[in-house]
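Derivation of every value follows stated rules applied to the coordinates shown; laboratory data play no part. Keep in mind the model is a prediction, meaning the values are calculated, not measured. Cβ sites come from the backbone with ideal geometry, for glycine too, and all protein chains shown count toward neighbours.
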Amino acid sequence: MTDLASMKPDTLRSVRELFGIDSDLQVPAFSQQNDYVPEVDEAYRFNPDVTLAILAGFTRNRRVMVQGLHGTGKSTHIEQIAARLNWPCMRVNLDGHISRLDLVGKDAIVVRNGVQVTEFQEGIVPWSLQRPVALIFDEYDAGRPDVMFVIQRILERDGHFSLLDQNRVIHPHPYFRLFSTANTVGLGNMSGLYQGAQVLNHAQIDRWNIVAKLDYLSAEEEAAIVLSRVPSKDTAQGHELVAAMVSVANLTRKGFAAGDISTLMSPRTVITWAENCEIFRDPALAFRLSFLNKCDATERQTVAEYYQRCFGQELDEARFME
Amino acid sequence: MSSNVQQQARRQQQVEALCAAAIRALSGRSDLHFRGKQLYQGEHRLPMYAPHHRIDTAVAPFADCRAAADGMALRLLYSDAELHRKSCPEKPVARLVFELLEQLRVETQVPAHLPGMTANLEQRFSRWSLEFHRSGQTESSSGLLIYTIAQMSWSRLNARQVLEETEDLIESTRFSLASSMGLALAGLRHHRHDQVAFIPHAQAVAKLVDETLESWQEGEDGSNHERQDDDDDAQQNFALLLDFDQEGDDERFASARSGTSKALGESRQGYTVYTTAYDREVVASDLVRKAQLEEFRQRLDTGIAEQGINVPRLARQLAAILATPQYDGWQYGEEEGRIDGRRLAQLVSSPTERRLFYQDRQRPVADCMVTLLVDCSGSMRHQSESVAMLADCLIRALDIAGGRSELLGFTTNAWNGGKPYQEWMRQGRPPAPGRLNEVCHLVFKEADRGWRRSRRDIAAMLKGNLFREGVDGEAVDWACSRLLAREEQRKILIVISDGSPSDTATNLTNDAYYLDNHLKTVLARQERQGEIDILGLGVGLDLSPFYRHSLATDMSQALDNHLFDEIVQLIAQRIHRS
């Protein structure tokens, strides 16, 4: 691990081969794995546009922000690309309580040679900055905007980072990369879905070179993901069931967009539902337990209508069943 | 108004809400809603002319409403309305057939992943067929012809067998049509995925039906008149099918009646008022003796106590939808946060004390104003006690939740036109005089007086002789202008009414829908401006022909928490969607 700082990408890999995307692009990659490289999930499906945006981040050193609704697999998307490139990766979950000290580093008391000494310990930002690491700020819009100014300088491509506590200037490693994921585009919680999302400073949003939008996948792709996660459904009957499940999910998304319901099914919910089907052996019961009970009581009838359209069966919540 | 009718109105509203939600989700268009049993996109009516989906949402079984909703969604998704309109034949019969065929075409386009929708549509078609057949409409030759065409096209388009029960019945007609329609039918099936290529074939079928019927008619006119008398009923039903631009104003059901006003449409100045000299705006409690007001208040209090309404709960619900958290000062004595310098001395004296910090404080602030505008027309007199109780509870809850509220009413000073009418008579009855009565706008409770201070004033609503006639449009305008003058950010107007605007003198001297259309204009204008959320609360009546967001309530029975839940939901929906 000592030589992490001296590592650099040493091979070129074909995008077509790695991600199954129709492109002649070659991307730099590490030939050797290390502890910081995430594990490869063979079932993962790459969205072509977002993959190319993230790859631009890796190859051309661009700052990429991935924005999308919850459960679309934003962070996983970056991680899986890093995994296939063998690129070391650090994921930091931001929340309203992360402070400047957590990110930059702080003085801590350590025992050295039996004596207590105060020593500066680097935070995650200076540590990553000096290594060929892809740093992912997860839930970027949950961080307090005033604290996030810490990273203002390093959002520039060759931005140096001054450690005020030590009068030291850190030059970023040429293979340091920075990514972020967010539910909103920094305008705050407009839809009512993301309590706690902050209104971000647009001087900072402006510094992200690429903003990729990861929306929900097409019905076929989503069904394929569900099937790869729940392999036991990979039968003719299972395919039909999963297709119906995905179309319920799509109706809830459209219903949400129209303002009829205030919850929607993410791909993650569909996977959970499929898994719960395995446990309860009854799609309707599994649906109730995985999603319906999360809905407001008044909205369940509407969701029951969606369910009827896709399954041709009534839920107990349905109204007017004479 | 019997409670049965009211329940029907309530059911209709729920059915429409569910159907509209389904259509919105299926078609992905968010501006669809029902108004007076008709689907609207924004301000435009989306008619459903295909005979098997012409249902009445108030009485039809829910499964049929569902199928109609599905049919509508498919129509929106897979049919180009403009193209359809352009290629539509003009003659009524041909048009009916053309509409039917286009609807049957889109119904073959159900996406594979929506099997429930396929089932809904299929069941509806066979149910409609049976109803049509059993109501005796197939006994007339024209009815049978349309029926056969519908069955043949449906069976061909879906590659399914025709309905078994009527297979023998249509056999001969089917056989006679087979040669002339064969080509067109094959075309229908072949081009069902392509509207442009489908149209000529549909037009051909429509033309064929039209010509056949015409030739029969000519033959009939010459010979047997008795036969025509026989199927008079069937003829009438058939005429109903052809009636395309019917407005949903069927009197049997509790829907507000509406139509088009000629006087208003033709008038160059739009809505006019004959004279405003006698109009007034009064504080309602000034019209009632003090002692009587006290008595009314007592009656109201007893009434409310009997209803068992949970006002604190209502207040919490209202606060949840109306209030938004805002940073408001600091909260001291916390166990974490920023260090409060003033407490450091305390730390020195008692080191175990941990509450040394302070934090941002968030408080829910309901920056909103709700105006209740009550229709004080004669018919509302019987409901006045319920309405007063409802208003009182809402106002009290809003007070607790931190919102502002205003209680207004509208009526007239006199019956049958009063002084303006006499003046108009003296002037020699000039035509189209406009609104012809003295309106009276009542202020029961002002926004800046709390519930506690205006308790007695609210009770003035129980005074029966305030209730006369109603000019809704002007009253809504008046309430809106009062709301707009307020600085609260969110403005909500709830109109409580039991009917369309009514003023005998105005209706007689202009026409029946003069005030009615003015109300619509006012509401459409306010909706466009979008500063105020207007909600209609129908007392035993569906107000959806007027109000885009409305609720039919049943006030003949005791008020209950359920009713308030629904009102809260109505407000919440409006906010959610805006």
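Value of Rg to Rh for region A:60-127, rounded to two decimals, is 1.13; Kirkwood radius and Rg both from alpha-carbon coordinates.
Averaging the sequence gap over all C-alpha pairs within less than 8 Å and six or more residues apart, then dividing by the number of residues, gives region A:94-143 a relative contact order of 44 percent. Between B:Ser350 and B:Asn416, the simple label model (points 7 Å from Cα in the Cβ direction) yields a spacing of 8.2 nm. Using 0.36 nm per residue and subtracting the Cα-Cα separation, the extra length available between A:Asp41 and A:Glu220 on full extension is 62.5 nm.
Length gained on full extension, B:Lys290 to B:Ala305, computed as 0.36 nm times the residue gap minus the Cα-Cα distance: 3.1 nm.
Along its first, second and third principal axes, ordered by size, chain A spans 79, 43, 41 Å in Cα coordinates. Between B:Leu130 and B:Gln489, the distance separating the two model label sites (each 7 Å from Cα on the Cα→Cβ line) works out to 5.6 nm. Between B:Gln569 and B:Arg452, residue separation times 0.36 nm minus the direct Cα-Cα distance comes to 39.5 nm. The dipole here belongs to region A:1-139: it is taken about the Cα centre, uses +1 on the Cβ of Lys and Arg and -1 on the Cβ of Asp and Glu, and is about 360 debye.
Taking label positions 7 Å along the Cα-Cβ direction at both A:Thr76 and B:Val196, the computed distance is 4.2 nm, reported to one decimal. Per residue, the protein assembly as shown reaches -14500 deg cm²/dmol at 222 nm when only DSSP H runs of four or more residues are counted, each adding -39500 (n - 2.57). Within a straight-line Cα-Cα reach of under 26 Å, A:Lys74 can be paired with the following lysines, leaving aside sequence neighbours fewer than 8 residues apart in one chain: A:Lys8, A:Lys213, A:Lys233, A:Lys254, A:Lys294.
Here the relative contact order of chain B, from alpha carbon pairs under 8 Å that lie six or more residues apart, stands at 16 percent. Remark on A:Lys213: its backbone amide H falls under 5 Å from those of A:Gln67, a criterion applied only to residues 5 or more positions apart or on other chains, H modelled at 1.01 Å from N. Of the GluC sites (Glu not before Pro) found in region B:1-98, those that fall in a DSSP loop while having at most 16 other beta-carbon atoms within 10 Å are B:Glu43, B:Glu90.
The mean of 1/r over all distinct Cα pairs in chain B, once inverted, gives the Kirkwood hydrodynamic radius of 27.6 Å. For chain A, a Gaussian network of Cα nodes joined below 10 Å ranks A:Leu214, A:Leu85, A:Leu164 by mean-square fluctuation, and the top entry is A:Leu164. Each Cα pair under 8 Å and six or more residues apart adds its sequence gap; the mean of these over the residue count of chain A is a relative contact order of 16 percent. Dipole magnitude for region B:1-134: computed about the Cα centre from +1 point charges on Lys and Arg Cβ and -1 point charges on Asp and Glu Cβ, it is near 240 debye.
If only the Cβ of Lys and Arg carry +1 and only the Cβ of Asp and Glu carry -1, the dipole of chain A around its Cα centre is close to 880 debye.
Using a Förster radius of 45 Å, what is the FRET efficiency between B:Gln298 and B:Tyr327 based on their Cβ-Cβ separation? Nearest 0.05, please. My answer for the efficiency is 0.55.
Counting, for every residue in B:99-112, the Cβ atoms of other protein chains within 10 Å of its Cβ and taking the mean gives 1. Once the Cβ-Cβ distance of B:Gln359 and B:Gln109 is raised to the sixth power relative to R0 = 60 Å, the FRET efficiency obtained is 0.55.
The calculated FRET efficiency for B:Ile339 paired with A:Ala203, based on their beta-carbon distance and R0 = 30 Å, is about 0.50. Rounded to whole numbers, the Karplus 3J(HN,Hα) couplings from phi for region B:406-414 are 9, 10, 10, x, 9, 8, 10, 7, 9 Hz, using 6.51 cos²θ - 1.76 cosθ + 1.60 with θ = phi - 60°, and x at Gly and Pro.
Couplings for region A:264-281, taken from phi via the Karplus curve 6.51 cos²θ - 1.76 cosθ + 1.60 with θ = phi - 60°, read 9, 8, 8, x, 4, 4, 5, 5, 4, 4, 4, 5, 5, 4, 5, 6, 9, 6 Hz in order; Gly and Pro are left as x. Close amide-amide hydrogen proximity is noted between A:Arg177 and A:Val133, A:Ala134, A:Leu135, each under 5 Å apart and 5 or more residues distant or on a separate chain (H modeled in the peptide plane; Pro and chain starts excluded). For region B:264-336, the list of GluC sites (Glu not before Pro) that fall in a loop by DSSP and count at most 16 other C-beta atoms within 10 angstrom reads B:Glu335, B:Glu336. For region A:87-96, 3J(HN,Hα) computed residue by residue from phi via the Karplus equation (6.51, -1.76, 1.60; θ = phi - 60°) reads 8, x, 9, 10, 10, 10, 8, 7, 8, x Hz, glycine and proline entered as x.
Taken residue by residue and averaged, Cβ atoms of other chains lying within 10 Å of the Cβ of B:25-38 number 3. Counting only residues at least eight positions apart within a chain, or on another chain, the lysines with an alpha carbon under 24 Å from that of B:Lys463 are B:Lys290, B:Lys419, B:Lys445. Amide H to amide H, with H built 1.01 Å from N, B:Ser544 comes under 5 Å of B:Gly36, B:Ala256, counting only residues 5 or more places away or on other chains.
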